[in-house]
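The values are calculated or read from the model by the stated rules, or taken from the named source; none is laboratory data. These numbers come from a predicted model, not from an experiment. Here the Cβ positions follow ideal geometry from the backbone for every residue, glycine too, while neighbour counts run over all protein chains shown.
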Amino acid sequence: MKIKHLSVLSAAAVALLSLSGAAQAGGLCSNATLKGPYGFSAQGEVLGLLDGTTLHAFTTPSILNDVAIVTFDGSGRFTRTDFGNMNGVPKGGQTAFNPNQSGTYKVNADCTGTMQITYNGGPVAAGVVLDLEMVVADDGTLVKAIIATETVPSAGPTADGTTCSSNCQLGVQVTFEGKKVLVYGFR
């Protein structure tokens, strides 16, 4: 009787190890790794206008602080609502959280990825687009990211007099950190 139980347990262990290897061969992460609400914070500076790889600095950088809830669908899309300050003043005159945001994301098998946040109106002008590079960690409960590019409808002038009237690229130094919202201990 003991031998029969041991062989069943051995077979189960071999099956689990085989499945574990198959899962690792397919990668650690995917879009499905991010599903549900994540609380994000962002801090950094808006430095100036980008012209290719040349930064035309603003006379004074703008300091950014922001909090947001991002709800991932597990399939590559999300919604976002945020509240932020620029130089200690609410962005765009915000008086409440701005839910007019959405986006797409891609999580690679190695747990790196990208996000694109689009503002669809509200206190922040429609057409602001943030492209982020991100890393997913801690079993999918932590997301760390930086803004790679920020496009705004118009901007300027900079210290050297540079202006931009449409689809302007900003030079930014902004980091994001998001943590999965756990409700009553469930993920």
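Kindly indicate whether D51 is out of contact with any Leu (no Cβ under 7 Å at 6 or more places or on another chain), closer than 17 Å to K144 by Cα and not aliphatic (A, V, I, L, M). Lay out the reasoning, then the answer.
Working: out of contact with any Leu (no Cβ under 7 Å at 6 or more places or on another chain): yes; closer than 17 Å to K144 by Cα: no; not aliphatic (A, V, I, L, M): yes.
Answer is no for this residue.
Counting the residues of the range 51-81 that are in contact with an Asp or Glu (Cβ under 9 Å, 6 or more places away or on another chain) and crowded, with 16+ Cβ neighbours inside 10 Å gives 8. Conditions: (1) modelled with pLDDT under 95; (2) in contact with a helix residue (DSSP H, G or I) (Cβ under 9 Å, 6 or more places away or on another chain). K179 meets all but one. Number of the miss? Condition not satisfied by K179: (1).
Six or more apart or on different chains, Cβ atoms under 6 Å: show the pairs whose first residue is in the range 71-86 and under 15 Å from G178 (Cβ atoms) and among the polar types (S, T, N, Q) and whose second is assigned to a strand (DSSP E or B) and at pLDDT below 95. Cβ pairs passing all conditions: T81/P99.
A search for C-beta distances below 6 Å between a residue of the range 112-125 that is buried (at least 18 other Cβ atoms within 10 Å of the Cβ) and any residue that is among the β-branched types (V, I, T), counting only pairs 6+ apart in sequence or on different chains, returns G113/V107; Y119/V128.
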